[in-house]
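The block underneath contains the structure these notes are about, expressed in structure tokens.
Readers should treat all values here as calculations from the given coordinates under stated rules, not as data from a laboratory. These numbers come from a predicted model, not from an experiment. Using ideal geometry, Cβ is built from the backbone for each residue, glycine included, and neighbour counts are taken over all protein chains shown.
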Amino acid sequence: MTELEPEDIRILRALQDNGRITNAELAETVGMSASPCWRRVRRLEADGVIRGYSARLSRRSLGLGVLAYVSVEIADHNDALTRAFEDAVAGLDEVIACHQVTGGADYILTVVSQDLDSYADFANKRLRPIAGIKSISTSFVLKEAKPQSGLPV
């Protein structure tokens, strides 16, 4: 874990709000001069705290009206089957996140699709055929009460 100073935290918060901010704007926002701010950002990148920059897209504007959490139980927990499942899921565009978890399921997948018919097609033709799946249970999101946002720094 990287030791963060108050200036680092202000930088991270500002960048999570706006990853396109210029260094001059960032420095002004966090109350620093441009050069030290730039060096801190580069150090945070080099340390892996900042992994990259991206745009947050509106799934609905892209025609992805369905958001679902899919609980997957695998039949056997050997390394080969686990790796094969994770590799297969990594190749599915509809799966935007995959987490190995504790509890009743082995994995929770976050899945997007255009509508319920396209989700059914995905589940039946692309997800279920993956070797080693014992059971699948889907929970559809009715409302995003608090959509995913930045990390609490």
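A few notes on this one:
- Residues that are in contact with a strand residue (DSSP E or B) (Cβ under 8 Å, 6 or more places away or on another chain) and either hydrophobic (A, V, I, L, M, F, W, C) or exposed (fewer than 12 other Cβ atoms within 10 Å of the Cβ) (or both), drawn from segment 138-153: 139, 140, 141, 144
- Hey, residue 136 within 19 Å of the chain's Cα centre (by Cα) and under 13 Å from residue 69 (Cα atoms) or not: no
- Scanning segment 96-121 for residues that are free of Cβ contacts under 8 Å to residues at least 24 places away in the same chain and outside any loop (DSSP other than H, G, I, E, B), we see that the one that is surrounded by the most Cβ atoms within 10 Å (Cβ to Cβ) is 98.
- When 62, 12, 92, 44 are checked against the criterion of being among the aliphatic types (A, V, I, L, M) and in contact with a Gly (Cβ under 9 Å, 6 or more places away or on another chain), 12 stands alone in meeting it.
- Within segment 122-135, the set of residues being surrounded by fewer than 17 Cβ atoms within 10 Å (Cβ to Cβ) and touching a residue at least 60 places away in the same chain (Cβ under 8 Å) comprises 134, 135.
- Among the residues here, residue 52 qualifies as among the small types (Gly, Ala, Ser) and loosely packed, with under 15 Cβ neighbours inside 10 Å.
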